[in-house]
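Undergrad: The structure follows.
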């Protein structure tokens, strides 16, 4: 018998009130604005909605956003796996420093995550003149947008993996090595399968954030339409042009992405849970 | 395959984990490394497995330099304390792992791997569990899978780290016999780490008793029982009665009785005498020789009774008597105590009063 209190049914007026208050608050603060996006996008009819996607700048923004995510997410997944592995399975000097550094982007305004790259690579930055002489463009171009996005999304995969890997310990890896497995085989056949749901979960979150990032990218992109505007920046540009249908249509893409991510995340959690219970029933 | 361990030193920071450990194991021998926690037994096992590098010393298996090889190259079967089964693989996949990960050139065929897995499932008596996941198994079954997985690669050496630690007593005894049977069937040189002296004595061809990073004694269970090399060995291997004594010429003189001294220490002097409850006798007749004691309690079932008694000095003793002899005594009665043989510890100062004396005779002080 488990002594921990299990959630009960709602049975008193007070608990009913609290639950209702929470639901109303969420509806006002999240539900209503989200609905507005779709309503506004469709306000001039479906044809106007479809028309707004004929804008070549919108397509350029979508392509750029997908490209940025396609590069930033795998890089951060690889880094997250490596960082979580070293933090969870080894003791070394500077471990807590590494942990703090991984968390830093979460507690820092994204604008700063963009600005630091300007300070390093911008025209007046440390390497600016050198890069200019070599004809390499980082700021106000794809590399800059990538750097900003990667910096902002660095913690998302690592954070998912560290607690799980720490809990699992390194014994299974040691067992694999004594059984003759090399490092790569151990990673592929033992380590990654053991954390696969958490890894997917982290990748999803990382992807959503990479596609939706505004602050850091806004500093680094230079807002060149059809060239360096990602989807969130494009939404802002359309809005400033008073093209509300266009802006909300593009925004509905981003909102749709958020909803798909959420559904996928929930499904993943269910899958993970059902595997866990299957594995735990004697 | 003979194993030679020669002068191993290993230090963790300022803690000396192994201080010049040397031993040899014969081909197919079953050794147990026994000792209290911190005695270095697990460190020695990790050195043999290749998970720790010693600071000094050499290890040879079959004439090859073991320390020059990585953990991966050594072909050592290692069974972890918590088994470390691959949680996302079935039992069959777990056992097959060591064969599956071989480079293509040396990897057996699928059919050969399957045959080997079936053979090991049968050897470990877990046939029919091949499709289960580790979390669906009992502790004892997991243990069997771990041993089968380690044996799959036909290891040159099988190492087990406290393999029964997480199991309850009944399963533990059953698996102990199973492990010995599997060892005898597989014929692999085996080294098992444990802190449980009963387990070590029951399983091993020879026991390696360790203390503070050194080997106190290596010998068959009988040798350790009969000729303990040191008071530490004597105390570690079983229940011990303690009383001050004076030893000279191979005889330990206690208050009220004497007993032949055990061990190789031939020095004379005052020390702490140690003797087993099973070597302790009680005689009810008041004219008998021995230390006068008062019987405090009698416990135990079956063929053996444990009789707790106390001397006037405050020292407490336990005597283990067969049921028919114990019937002559009852709690609160008096008797004379003698010991059949005793080990004498000359190196540790003997307290003037027994430890028990500080608790028992409060009335006398008041």
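The values are calculated or read from the model by the stated rules, or taken from the named source; none is laboratory data. Predicted model only: the values in this text are computed from it and were never measured. Neighbour counts are summed over all protein chains in view; Cβ atoms, including those assigned to glycine, are modelled from backbone coordinates with ideal geometry.
Undergrad: Go through (1) assigned to a helix (DSSP H, G or I); (2) more than 7 Å from chain A (Cβ to nearest Cβ) and name the single condition residue B:97 misses.
TA: (2)
Undergrad: What about residue A:75, is it within 16 Å of residue A:153 (Cβ to Cβ), in a helix (DSSP H, G or I) and modelled with pLDDT of 95 or more? Talk me through it step by step, then tell me what you get.
TA: On the way: within 16 Å of residue A:153 (Cβ to Cβ): yes; in a helix (DSSP H, G or I): yes; modelled with pLDDT of 95 or more: yes.
So residue A:75 fits the description; yes.
Undergrad: Mind checking which residues of region B:1-47 are in a loop (DSSP other than H, G, I, E, B), under 15 Å from residue B:157 (Cβ atoms) and in contact with a helix residue (DSSP H, G or I) (Cβ under 8 Å, 6 or more places away or on another chain)?
TA: If we filter region B:1-47 for residues that are in a loop (DSSP other than H, G, I, E, B), which is where we start, we get B:1-2, B:13-14, B:26-29, B:35-40.
Pick out the ones that are also under 15 Å from residue B:157 (Cβ atoms) and you get B:1-2, B:26-29.
None; the set is empty.
Undergrad: Which residue is nearest to the chain's Cα centre (by Cα), if the candidates are limited to region B:55-64 and must be modelled with pLDDT under 95 and not in a strand (DSSP E or B)?
TA: Across region B:55-64, the extreme among qualifying residues is B:62.
Undergrad: Is it fair to say residue A:224 is more than 14 Å from chain B (Cβ to nearest Cβ) and out of contact with any helix residue (DSSP H, G or I) (no Cβ under 9 Å at 6 or more places or on another chain)?
TA: Values: more than 14 Å from chain B (Cβ to nearest Cβ): yes; out of contact with any helix residue (DSSP H, G or I) (no Cβ under 9 Å at 6 or more places or on another chain): yes.
Spelling it out, residue A:224 is indeed more than 14 Å from chain B (Cβ to nearest Cβ) and out of contact with any helix residue (DSSP H, G or I) (no Cβ under 9 Å at 6 or more places or on another chain).
Undergrad: Then there is this: Select, from B:72, B:125, B:102, B:87, the only residue that is surrounded by fewer than 22 Cβ atoms within 10 Å (Cβ to Cβ), within 23 Å of residue A:175 (Cβ to Cβ), modelled with pLDDT under 95 and more than 14 Å from chain A (Cβ to nearest Cβ). Spell out the reasoning first.
TA: Working: B:72 fails: more than 14 Å from chain A (Cβ to nearest Cβ); B:102 fails: more than 14 Å from chain A (Cβ to nearest Cβ); B:87 fails: more than 14 Å from chain A (Cβ to nearest Cβ).
Of B:72, B:125, B:102, B:87, the one residue that is surrounded by fewer than 22 Cβ atoms within 10 Å (Cβ to Cβ), within 23 Å of residue A:175 (Cβ to Cβ), modelled with pLDDT under 95 and more than 14 Å from chain A (Cβ to nearest Cβ) is B:125.
Undergrad: Just wondering, is there one or more residues in region B:175-190 that are out of contact with any helix residue (DSSP H, G or I) (no Cβ under 8 Å at 6 or more places or on another chain), part of a loop (DSSP other than H, G, I, E, B) and within 25 Å of residue B:51 (Cα to Cα)? So that I can check it myself, show each step before the final result.
TA: First, pick out the residues of region B:175-190 that are out of contact with any helix residue (DSSP H, G or I) (no Cβ under 8 Å at 6 or more places or on another chain): B:177, B:181, B:183-184, B:187, B:189.
Pick out the ones that are also part of a loop (DSSP other than H, G, I, E, B) and you get B:187.
From the residues that got through so far, the ones that are within 25 Å of residue B:51 (Cα to Cα) too are B:187.
Within region B:175-190, one or more residues are out of contact with any helix residue (DSSP H, G or I) (no Cβ under 8 Å at 6 or more places or on another chain), part of a loop (DSSP other than H, G, I, E, B) and within 25 Å of residue B:51 (Cα to Cα).
Undergrad: Count, please, the residues in region B:75-84 that happen to be more than 8 Å from chain A (Cβ to nearest Cβ) and buried (at least 21 other Cβ atoms within 10 Å of the Cβ). It would help to see each step written out before you state the result.
TA: Of region B:75-84, the ones more than 8 Å from chain A (Cβ to nearest Cβ) are B:79, B:81, B:83.
With buried (at least 21 other Cβ atoms within 10 Å of the Cβ) added as a condition, the list becomes B:79, B:83.
Looking only at that region, the number is 2.
Undergrad: Oh, and also: Output the residues belonging to region B:130-159 that are buried (at least 19 other Cβ atoms within 10 Å of the Cβ), in a loop (DSSP other than H, G, I, E, B) and within 12 Å of chain A (Cβ to nearest Cβ).
TA: Within region B:130-159, B:133, B:137, B:153, B:155 qualify.
Undergrad: In this structure, does residue B:92 turn out to be touching a helix residue (DSSP H, G or I) at 6+ places or on another chain (Cβ under 6 Å), more than 14 Å from chain A (Cβ to nearest Cβ) and within 18 Å of residue A:181 (Cβ to Cβ)? Steps first, please.
TA: Numbers: touching a helix residue (DSSP H, G or I) at 6+ places or on another chain (Cβ under 6 Å): yes; more than 14 Å from chain A (Cβ to nearest Cβ): yes; within 18 Å of residue A:181 (Cβ to Cβ): yes.
Spelling it out, residue B:92 is indeed touching a helix residue (DSSP H, G or I) at 6+ places or on another chain (Cβ under 6 Å), more than 14 Å from chain A (Cβ to nearest Cβ) and within 18 Å of residue A:181 (Cβ to Cβ).
Undergrad: Sticking with this one: Take residues that are over 15 Å from the mean Cα position of the chain (by Cα) and crowded, with 19+ Cβ neighbours inside 10 Å and tell me which of the helices (runs of 4 or more DSSP H) falling wholly in region A:116-222 contain 3 or more.
TA: Values: elements: A:128-134, A:142-168, A:171-178, A:183-186, A:196-212, A:215-221.
Of the helices (runs of 4 or more DSSP H) lying wholly inside region A:116-222, those with at least 3 residues that are over 15 Å from the mean Cα position of the chain (by Cα) and crowded, with 19+ Cβ neighbours inside 10 Å span A:142-168, A:171-178, A:215-221.
Undergrad: Being in contact (Cβ under 8 Å) with a residue 12 or more places away in the chain and farther than 13 Å from residue A:80 by Cβ is the filter; apply it to region A:192-208 and report the residue that is nearest to the other protein chains (Cβ to nearest Cβ). Explain how you work it out, then say what you get.
TA: First, pick out the residues of region A:192-208 that are in contact (Cβ under 8 Å) with a residue 12 or more places away in the chain: A:192, A:194-195, A:197-208.
With the extra rule that they be farther than 13 Å from residue A:80 by Cβ, the set shrinks to A:194, A:197, A:208.
Details: A:194: 6, A:197: 10, A:208: 27 Å.
Per the criteria, the residue is A:194.
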